[in-house]
Amino acid sequence: MTDIPAWKDGDTDASFTDRTIPARAGAGLKPSHVDRILQDDYRIGFLEVHAENYMGDGGAPHRALTAIRQNFPLSVHGVGLSIGSEKGLDDEHITRLKRVVDRYEPGLVSEHLAWSTHDLSYYNDLLPVPYDRKTLDRVCSHIDRVQEALGRKILLENPSTYVQFEQSSMSETEFISEIARRTGCGLLLDINNVFVSATNQKYRPLTYLSEFPLEKVEEIHLAGHATDIDDEGDALLIDAHDRPVDDEVWKLYDIVIGQMGPVPTLVEWDNDVPEWPILRREAMRADEILERRAANYLLGSRHAAAG
Amino acid sequence: MPRPDSNSEAAKTVRTVTLGRFSDALLDPEQPTPAGIVGPDGKKADKRFDVYRNNVTVSLVGALAEIYPAVHRLVGDDFFRAMARTYVRSEQPKSPLLFRYGDDFADFLEGFEPAKKLVYLPDVARLERAWLDAFHAADAPPLDPAALAAIAPDELAEQRFKAHPATRVVCSRFAAVSIFSANRSGADLSGIDPAIAEDGLVTRRDFDVEVRTLPEGAAAFLQALVDGNTLGEAAEAAVAVAQKFDLAAAIGAMLEAGAFTAIATKD
Ligand SMILES: [Fe+2]
């Protein structure tokens with residue numbers, strides 16, 4: 001990595017590669033993997049970063065991300081906007097996000113259907129929202145504001161949930177479909193979150209997926225989860241991001257890609273981060289499915305066109 | 001996916017949980033699960049709600065452990081986690097920029113009774129906080145020594161300097177710098193007398209943060225310069241606290257460390 005000149009607002013970096021994210025596997029970027037990724041013969045399709053980790057003024061994080069961006073397309077995934085917040089969005093944080101987006105020219109920008117800030121406290125967790133009219137209106141107006149500030153579409157990610165709100169009057173899929181319809185945002189489908197929530201809330205993941213507006217999905221997340229039990233001994237899955245993707249989640253992924261065709265697919269691994277080759281193995285597994293299904297899918301659509 | 005309460009909605013009153021109510025219960029284990037937070041089919045959700053409580057506490061304790069790795073190692077994992085949980089309950093991050101969390105952790109340590117015996121701990125925490133601030137500070141090229149050499153000797157005392165965004169001075173009544181450095185490099189603490197006062201300078205010339213021990217008086221000198229005083233005033237401040245203050249050595253050290261970026265233009 002070579003030294004980079006200080007970045008100023010409005011700068012565009014001619015050394016960056018094309019921003020378009022291919023319908024291939026990507027990986028969540030960890031600082032300890034940067035050098036290995038840059039030297040690897042296996043060219044990962046894209047990398048994704050948590051926006052907040054690059055909201056510092058300068059130093060090594062920006063140097064590393066610049067080197068990555070010179071070689072790979074990038075997806076920026078926010079974890080701190082608190083889109084579901086009851087107390088409104090933080091303008092300063094939107095400005096920070098815009099700065100990261102303007103600087104690194106990502107192919108995709110995404111956030112969560114969740115909240116993480118209340119009053120002045122940031123909880124560093126993706127907390128659930130009730131699926132009712134009032135929350136729907138609020139989330140939509142928040143997404144409108146973010147999309148307007150960034151001057152681009154964002155993707156909204158479905159959450160992992162452990163509880164329900166009695167006041168919810170819609171299903172999660174109805175709630176998310178309505179948000180996408182009203183705001184024009186795209187969707188990030190986290191299949192591990194689907195599996196975790198379905199198990200925890202006792203519905204079938206395939207039912208959820210059949211109700212999910214797949215035509216609006218522009219990215220998929222895969223991750224590992226931990227297993228626990230609730231007060232009555234029923235399965236309680238935790239969205240831990242600390243291990244390989246579960247086989248059941250791979251099966252669902254295969255079905256989804258078979259239906260909708262190849263989509264950029266990110267493998268997330270945020271805790272107990274392994275050496276790069278372990279994470280790369282997960283990405284390669286996703287690549288295999290994407291390649292295999294690309295042929296099937298094309299065949300399927302040709303048949304449809306001919307028929 | 002079933003609609004929650006699709007059958008029972010008319011039959012019973014729905015208990016509404018605000019996010020404020022949700023967040024109050026998050027950090028207070030004494031509080032029950034908010035009424036209206038349920039599991040599937042409306043069953044109770046205490047253990048389910050505890051997942052969120054646990055996520056918040058564990059992730060914030062983990063964030064502190066990453067920001068304060070030397071403090072973590074010095075007190076051991078169990079002690080650190082118990083101590084950090086106490087802190088997390090009273091102080092949550094004020095922004096989603098987690099690397100800024102815990103700016104008053106050192107002050108908390110001053111008053112944390114069970115760690116009182118480790119008198120140097122708060123100052124080690126101050127160094128760690130300064131280290132991470134320097135790590136994320138804006139990039140800036142350090143002052144070229146030639147720029148200083150070009151100043152006529154009789155004008156030298158009038159010069160002011162622009163501090164590098166990464167520069168931090170940390171003073172300690174204990175051997176905090178030696179303890180910090182030994183711990184971070186994996187060395188043991190034998191041979192370090194914790195009672196010897198040390199001042200530290202934290203800088204970042206390019207991308208690597210550097211921490212050095214300052215000779216007597218140099219902390220007062222550098223802090224005065226950082227605060228915008230002239231070289232002459234800074235030297236006086238240093239002599240006031242250390243009669244043996246060596247001005248030439250201090251200037252050499254500040255240039256080598258890259259503590260400043262420019263000679264401030266007069267206005
Ligand atoms: Fe995700």
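The values are calculated or read from the model by the stated rules, or taken from the named source; none is laboratory data. All values reported here derive from a predicted model rather than from experimental measurement. Here the Cβ positions follow ideal geometry from the backbone for every residue, glycine too, while neighbour counts run over all protein chains shown.
For residue A:215, are the conditions met, namely being away from chain B (no Cβ under 11 Å), of a type in the set (Asp, Glu) and touching a residue at least 60 places away in the same chain (Cβ under 8 Å)? It would help to see each step written out before you state the result.
Working: away from chain B (no Cβ under 11 Å): yes; of a type in the set (Asp, Glu): yes; touching a residue at least 60 places away in the same chain (Cβ under 8 Å): no.
Criteria not met by residue A:215.
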Self-check item: Candidates A:25, A:51, A:64, A:60, filtered to the one that is closer than 26 Å to residue B:206 by Cα and touching a Gly at 6+ places or on another chain (Cβ under 6 Å)
Solution: A:51
Quiz item: Just to be sure, is residue A:78 more than 8 Å from chain B (Cβ to nearest Cβ) and over 21 Å from residue B:23 (Cβ atoms)?
Solution: no
Quiz item: Which residues, taken from region B:14-36, are at the interface with chain A (Cβ under 8 Å from one of its Cβ atoms) and part of a helix (DSSP H, G or I)?
Solution: B:19, B:20, B:22, B:23, B:26
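Which one of these is without any contact (Cβ under 8 Å) to a residue 40 or more places away in the chain and over 19 Å from the mean Cα position of the chain (by Cα): A:125, A:132?
Numbers: A:125 fails: over 19 Å from the mean Cα position of the chain (by Cα).
Among A:125, A:132, only A:132 is without any contact (Cβ under 8 Å) to a residue 40 or more places away in the chain and over 19 Å from the mean Cα position of the chain (by Cα).
Between B:109, B:97, which is in contact with a Pro (Cβ under 6 Å, 6 or more places away or on another chain), of a type in the set (A, V, I, L, M), under 24 Å from residue B:63 (Cα atoms) and assigned by TED's automatic domain parsing to the domain that holds residue B:65?
Working: B:97 fails: in contact with a Pro (Cβ under 6 Å, 6 or more places away or on another chain).
Every option except B:109 fails the conditions.
Just checking, how many residues over region B:23-49 are surrounded by 16 or more Cβ atoms within 10 Å (Cβ to Cβ) and either more than 27 Å from residue B:132 (Cβ to Cβ) or acidic (Asp, Glu) (or both)? Spell out how you get there, then give the answer.
Keep residues of region B:23-49 that are surrounded by 16 or more Cβ atoms within 10 Å (Cβ to Cβ), which gives B:23, B:25-27, B:33-34, B:36-40, B:45, B:47-49.
Within this subset, residues satisfying the condition of being either more than 27 Å from residue B:132 (Cβ to Cβ) or acidic (Asp, Glu) (or both) are B:25, B:33-34, B:36-40, B:45, B:47-49.
The qualifying residues number 12.
Among what's in region A:256-278 and is more than 16 Å from the ligand (Cβ to nearest atom) and of a type in the set (A, V, I, L, M, F, W, C), pick the residue that is farthest from residue A:289 (Cα to Cα).
Taking region A:256-278 as the starting set, the residues that turn out to be more than 16 Å from the ligand (Cβ to nearest atom) are A:257-262, A:272, A:274-278.
Those still in the list that are of a type in the set (A, V, I, L, M, F, W, C) too: A:257, A:260, A:276, A:278.
On the way: A:257: 8, A:260: 13, A:276: 20, A:278: 18 Å.
In this case the residue turns out to be A:276.
Would you check if residue A:131 is within 14 Å of chain B (Cβ to nearest Cβ), within 26 Å of residue A:260 (Cβ to Cβ) and crowded, with 18+ Cβ neighbours inside 10 Å?
When the stated conditions are applied, residue A:131 passes them.
Mind counting the residues in region A:225-255 that are away from the ligand (no atom under 16 Å from the Cβ) and either over 23 Å from residue A:187 (Cβ atoms) or at the interface with chain B (Cβ under 10 Å from one of its Cβ atoms) (or both)? I'd like the intermediate steps shown before the answer.
First, pick out the residues of region A:225-255 that are away from the ligand (no atom under 16 Å from the Cβ): A:227-236, A:247-248, A:251, A:254-255.
Among the residues that remain, those that are also either over 23 Å from residue A:187 (Cβ atoms) or at the interface with chain B (Cβ under 10 Å from one of its Cβ atoms) (or both) are: A:227-236, A:247.
Total satisfying the criteria: 11.
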Self-check item: Filter result (among the hydroxyl-bearing types (Ser, Thr, Tyr), away from the ligand (no atom under 16 Å from the Cβ) and either modelled with pLDDT under 95 or closer than 24 Å to residue A:146 by Cβ (or both)) within region A:172-224
Solution: A:173, A:177, A:183
Practice problem: Name every residue in region B:121-154 that is part of a loop (DSSP other than H, G, I, E, B) and either in the same structural domain as residue B:85 (by TED's automatic domain parsing) or under 30 Å from residue A:9 (Cα atoms) (or both), in order of residue number. | Solution: B:137, B:138, B:139, B:140, B:141, B:142, B:143, B:144
Quiz item: Could we say that residue B:258 is buried (at least 17 other Cβ atoms within 10 Å of the Cβ), touching a residue at least 60 places away in the same chain (Cβ under 8 Å) and within 14 Å of chain A (Cβ to nearest Cβ) here?
Solution: yes
Exercise. Just give me the residues in region B:43-63 being within 7 Å of chain A (Cβ to nearest Cβ) and assigned to a helix (DSSP H, G or I), in sequence order.
Key: B:46, B:47, B:48, B:49, B:51, B:52, B:55, B:56, B:59, B:60, B:63
Exercise. Quick one: which residue in A:58, A:84 is within 14 Å of chain B (Cβ to nearest Cβ), within 16 Å of the ligand (Cβ to nearest atom) and modelled with pLDDT of 95 or more?
Key: A:84
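Tell me which residues, restricted to region A:156-173, are more than 7 Å from every other protein chain (Cβ to nearest Cβ) and not small (Gly, Ala, Ser).
Residues of region A:156-173 that are more than 7 Å from every other protein chain (Cβ to nearest Cβ), as a first pass: A:156-161, A:169.
Of everything in region A:156-173, those that are more than 7 Å from every other protein chain (Cβ to nearest Cβ) and not small (Gly, Ala, Ser) turn out to be A:156, A:157, A:158, A:159, A:161.
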